[in-house]
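Worksheet for the structure shown next.
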Amino acid sequence: MSSDARVTDVAYSRYDGPRAGRFAAIWSLARWSSLRALGARRGWKAKLIPITLILLGFAPGIVVLGLRALFGPSVFKGGLADALPYSDYAGIISIVILIFSVVVTPELVCPDRRDRTLSLYFSTAISRGDYVAGKVLAALMPILLVTLAPPLILYAGNMLFAVHPLAYLERHWLDIFRIIGAGLLIGIYYALVGLAVSSLTARRAFAVGGYLAFLAIPTVIGGVLAHALDERYLRLLAFAAVPLQAARGLYPGYSDEGHISAGVWAATSVELMVVALAVLAIRYGRDTG
Amino acid sequence: MSRNGGGEPLVEIEGVSKRYGSIVALDGVSATVRERAVGLLGANGAGKSTLMRVMLGLLPADTGTVKVLGIDASKPAWEVRRLLGYMPEHSCLPLGMTARDLVVHMGELRGLPRRVAVLRASEVLFQVGLEEERSRLIRTFSVGMKQRTNLAQAIVHSPGLVILDEPTNGLDPAGREEMLQLVRRLSSELGIAVVMSSHVLEDVARTCDSVIVLREGKVAATRAIDHSAAAVRGDMRVRIVGDPDGFARAARDHGLTVQLDGEGEDGWLVVRGGDADGVLTGVRDAAVAAGVGLRELRPAGPTLEESLIGAIG
């Protein structure tokens, strides 16, 4: 037995120490929620899908860097950077990002409504606005694992495999901000839209279906009508692609086959995010008992 | 209510009204709470839950003011809420979490640093008798265990005042008994002031020091609840079939005093002499010894229920 062992009375004691404020409460809500959405403190089935999707998000970058490590610089004729441009990364794993957000965002809000936990939360130090802020943060943190972390890893690999890493950093330092900007734009978009759709129901299955329908149905309709009517702006109905196109516009040499500028895609992204915020404000702005 | 006098009021309610459309939930409610345990008593729809939600700042009052622990409950609500505990009436626990995780989480949401929240979660789960089940998912709990988890989350952050909305709702007799004992301990042993709503008078009488009766959104009555020795003294009023003098003699032989109140068979005998069990035993034995029958037996003074029955409606 350790000499430090003590017998402790598990009695209720008063706490008169410092108490944290609202921001700590929001952070606590975000941290607990995001960990649970990723399957923490739950069975292996709850962990399987999020972890698999995160690994798939990293896969293109890991494969490219792995090939470079195994076979040397000659394996990519145009150079390592051209093998997997940062601007294309999100597009390549777009389906992973989409499914990941569909898996994560309903898990963040549907159980609270199903179990009627909202009244419990609102009786604590957090307000309705704080709750929404916490949940947006909770959605954003895991989504950034697939929208931001993989291209950052790729950037780090490209720099390390460069003949002169510091020279690479000097030439491509702007790419860091482009990667962060693109990752945040895509992440915030999917977080807000996913939460807004999920807030409409207490049933997780309905939220998943509704979210997929929201992203897929306008995309199909917009694509068909754009082709039939030869109206390029109908392509903006591709809600799943909106943030990806806007993010691509952050990189030089952006071109869109439909001749829609990156600014229009970005404006559409912002509009949809504002609508999503409005939905959240309506859903959580009133008394929910 | 100011039975104890002195000290800052825990809650000051002044002219609070609240309407839901055409329905008046609260109509000019005024009350001051100073006691460590106060019951809000009233039938369903009397306005108890609404008043509690106004006290928590969850609902804005249409008119009037509410001060809780000296802080205006309406602004900033989060400031007062982190000093309060709240146990909602209906089931609202996240079923996919363990009791320990929930209590830690709620402690953090009410301002506790994480390390402190973890330590205190163990303390309060021990206090409510859930130390063995703390790592089980809440969905596997019985109703009673869920209610105790609900209570634990309400007191984890060492609140100055805890608001309990119908804490015995849905509990079986054993669970109700445990919950009432826990609620009484909050104010008597753990130093947490309690405002508890109930539509069961006995629950309030057993756990609170005073009661505010709400009826149709108004304060219908306020009473102190006396838990003193005099209050639990077992004075009885007895009506017998037989010789009252013989019964009185036999009762005196058992250490009781008997006073006649009224004439003939409809007259009452007021029997005094110690605690309720002692008096009841003495009355039984005296009746046997005197060979009389007992027609009616009831407490000598007006009960809390009798004094409130008109107000409760």
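With a cut-off of at most 15 other beta carbons within 10 Å, and DSSP calling the residue loop, which trypsin sites (Lys or Arg not before Pro) in the range B:131-173 qualify? Please list them. Don't skip to the answer; put the middle values down first.
Working: sites: B:Arg134, B:Arg136, B:Arg139, B:Lys146, B:Arg148; in loops: B:Arg134, B:Arg136.
Here the sparse-neighbourhood loop sites are B:Arg136.
From largest accessible area down, sort B:Glu35, A:Glu231; use a 1.4 Å probe on the protein chains.
Final ranking, largest accessible area leading: A:Glu231, B:Glu35.
Counting only other chains, and only Cβ atoms inside 10 Å, what mean value do you get across the residues of A:113-120? Could the numbers behind the result be given before it?
Details: counts 0, 3, 9, 6, 8, 1, 9, 12.
Other-chain Cβ atoms within 10 Å of each residue's Cβ, averaged: 6.
Excluding ligands, DNA and RNA, what is the solvent-accessible area per residue of the protein assembly as shown at a probe of 1.4 Å, expressed in Å²? Walk me through the numbers on the way to the answer.
Numbers: 27400 Å² over 602 residues.
The answer is 46 Å² per residue.
How do A:Lys47, B:Lys218, B:Lys75 rank by accessible surface area computed with a 1.4 Å probe, from largest to smallest?
Ranking A:Lys47, B:Lys218, B:Lys75 by accessible area, largest first, yields B:Lys75, B:Lys218, A:Lys47.
Points 7 angstrom from Cα along the Cβ direction at A:Phe206 and A:Val275: gap in nanometres?
Each label point is offset 7 Å from its Cα along the Cβ direction, giving 2.1 nm.
Taking a 28 Å limit on the Cα-Cα distance, which of the listed pairs A:Lys47/B:Lys146; A:Lys47/A:Lys77; B:Lys146/B:Lys218; B:Lys18/B:Lys75; B:Lys18/B:Lys146; B:Lys67/B:Lys146 fall beyond it?
Numbers: A:Lys47/B:Lys146 26 Å; A:Lys47/A:Lys77 39 Å; B:Lys146/B:Lys218 32 Å; B:Lys18/B:Lys75 17 Å; B:Lys18/B:Lys146 31 Å; B:Lys67/B:Lys146 30 Å.
Violating the 28 Å Cα-Cα cut-off are A:Lys47/A:Lys77; B:Lys146/B:Lys218; B:Lys18/B:Lys146; B:Lys67/B:Lys146.
Give me the one-decimal nm value for the distance between modelled label points at A:Ile95 and B:Glu216, 7 Å along each residue's Cα-to-Cβ direction.
Placing both labels 7 Å beyond Cα along the Cβ direction yields 6.7 nm.
Name the long-range amide H neighbours of B:Leu294: under 5 Å, sequence gap of 5 or more, or other chain; modelled H, no Pro or chain starts.
Long-range HN contacts for B:Leu294: B:Val241.
Positive end of the dipole of chain A, charges at C-beta (+1 Lys, Arg; -1 Asp, Glu), about the Cα centre: which of A:Ala207, A:Ala228, A:Val75 has its Cα farthest in that direction?
Selected residue: A:Ala207.
How large are Rg and Dmax for the protein assembly as shown when only the alpha carbon atoms are used, in Å?
33.4, 121
For Cα pairs less than 8 Å apart in space and 6+ apart in sequence, what is the mean separation divided by the residue count of the range A:108-244, i.e. the relative contact order in percent? Write down the numbers at each step before the final one.
Values: 112 pairs, mean separation 36.8, N = 137.
After rounding, I find 27 percent.
Per residue of A:33-46, count partner chain C-beta atoms within 10 Å of its C-beta, then hand back the mean as an integer.
Numbers: counts 1, 0, 1, 5, 0, 0, 0, 1, 7, 3, 0, 0, 0, 1.
Shielding by partners across A:33-46 averages 1.
5 Å is the cut-off here: which amide hydrogens, built 1.01 Å from N in the peptide plane, fall below it relative to B:Ala25, excluding neighbours closer than 5 in sequence?
So B:Ala25 has HN proximity to B:Lys18, B:Arg19, B:Tyr20.
Using the Karplus equation 6.51 cos²θ - 1.76 cosθ + 1.60 (θ = phi - 60°), what ³J(HN,Hα) coupling, rounded to whole Hz, does each residue of the range A:222-238 give in order, writing x for Gly and Pro?
Calculated HN-Hα couplings, in order: x, x, 5, 5, 4, 6, 5, 9, 6, 10, 5, 6, 5, 5, 5, 6, 6 Hz.
How large is the dipole of the protein assembly as shown about the Cα centre if only Lys and Arg carry +1 and Asp and Glu carry -1, each at its Cβ, rounded to the nearest 20 debye? Before the final figure, lay out each step's value.
Numbers: 63 positive and 57 negative charges, 380 e Å.
The calculation lands at about 1820 debye.
I'd like the FRET efficiency for A:Leu225 and A:Asp82, computed as 1/(1 + (r/R0)^6) with the beta carbon distance as r and R0 of 25 Å, rounded to 0.05.
Details: r = 35 Å, r/R0 = 1.42.
FRET efficiency, A:Leu225 to A:Asp82: 0.10.
Let's test the formula: R0 of 41 Å, r as the Cβ-Cβ distance of B:Arg272 and B:Ile23. What FRET efficiency results, to the nearest 0.05?
E(calc), rounded to 0.05, equals 0.25.
Compare A:Tyr189, A:Tyr86 by solvent-accessible area with a 1.4 Å probe and give them largest first, with all protein chains kept in place. Mind dumping the intermediate values first?
On the way: A:Tyr189 0, A:Tyr86 25 Å².
The ordering from most to least exposed comes out as A:Tyr86, A:Tyr189.
For the range B:83-161, run through the GluC sites (Glu not before Pro) and keep only the ones in DSSP coil with at most 12 other Cβ atoms within 10 Å of their Cβ. Kindly include the intermediate steps, with their values, before the conclusion.
Details: sites: B:Glu89, B:Glu108, B:Glu123, B:Glu131, B:Glu132, B:Glu133; in loops: B:Glu89, B:Glu131, B:Glu132, B:Glu133.
In loop regions of the range B:83-161 (DSSP not H, G, I, E or B), the sparsely surrounded GluC sites (Glu not before Pro) are B:Glu132.
Probe 1.4 Å, all protein chains in place: accessible area of B:Cys208 in Å², nearest 10?
B:Cys208 exposes around 0 Å² with every protein chain in place.
What distance in nm lies between label points placed 7 Å from Cα along the C-beta direction at B:Glu202 and B:Ala174?
Placing both labels 7 Å along Cα→Cβ, they lie 1.8 nm apart.
Over the range B:11-225, what relative contact order in percent results from Cα pairs under 8 Å that are six or more residues apart?
On the way: 431 pairs, mean separation 62.7, N = 215.
So the answer I get is 29 percent.
Long-range amide H contacts for B:Val219: which residues qualify at under 5 Å (H placed 1.01 Å from N, peptide plane, sequence gap of 5 or more or a different chain)?
B:Ser30
Taking the Cβ-Cβ separation of B:Glu189 and B:Ala289 as r and a Förster radius of 41 Å, what is the calculated FRET efficiency to the nearest 0.05?
Details: r = 43 Å, r/R0 = 1.05.
Computed FRET efficiency for B:Glu189 and B:Ala289: 0.40.
Output the direction-averaged projected area (hull surface divided by four) of the convex hull of the alpha-carbon atoms of the range B:11-225, in nm².
On the way: hull surface 44.5 nm².
The directionally averaged projection comes out at 11.1 nm².
How are the C-alpha pair distances of the range A:227-289 spread across 10 Å bins, as whole percents from the shortest bin up?
Percent of Cα pairs in each bin: 20, 40, 22, 12, 5, 0.
Quick one: work out the % antiparallel among DSSP beta bridges in chain B, nearest 5.
Working: 36 of 54 bridges.
The antiparallel proportion sits near 65 percent.
Per residue of A:123-133, how many C-beta atoms from partner chains lie within 10 Å of its own C-beta, taken as a mean? List each step's numbers first, then the result.
Working: counts 19, 16, 14, 5, 5, 0, 0, 2, 1, 0, 0.
If you average over the peptide's residues, the count of other-chain Cβ atoms is 6.
Using only the Cα atoms of the range B:81-209, build the gyration tensor, take square roots of its eigenvalues as a ≥ b ≥ c, and label the shape rounded, prolate or oblate: rounded if a/c is under 1.5, else prolate if a/b is larger than b/c, else oblate.
oblate
Roughly how many whole Å is it from the C-alpha centroid of the range B:242-302 to that of the range A:214-246?
92
Once neighbouring chains are kept in place and the probe is 1.4 Å, which whole percent of the accessible area of chain A is contributed by carbon and sulfur? Don't jump to the answer; show the numbers that get you there.
On the way: 9770 of 14220 Å².
Taking all protein chains in place, chain A shows 69 percent carbon and sulfur surface.
Once phi is turned into ³J(HN,Hα) by the Karplus curve 6.51 cos²θ - 1.76 cosθ + 1.60 with θ = phi - 60°, what whole-Hz value does each residue of the range A:61-77 show in order, with x for glycine and proline?
x, 5, 4, 4, 5, x, 4, 5, 5, 7, 10, x, x, 6, 5, 10, 5
Of all DSSP beta bridges located in the protein assembly as shown, what percent are antiparallel, nearest 5? Don't skip to the end; give the middle numbers.
Details: 36 of 54 bridges.
That works out to approximately 65 percent antiparallel.
The values are calculated or read from the model by the stated rules, or taken from the named source; none is laboratory data. This one's a predicted model, so the numbers in the text were calculated from it and none came from an experiment. For neighbour counting, all protein chains shown are included, and Cβ atoms are generated from backbone atoms with ideal geometry for every residue, glycine included. We work out accessible area using only protein heavy atoms, side chains counted, and drop any ligands, DNA or RNA first. Shrake-Rupley method; radii C 1.70, N 1.55, O 1.52, S 1.80 Å.
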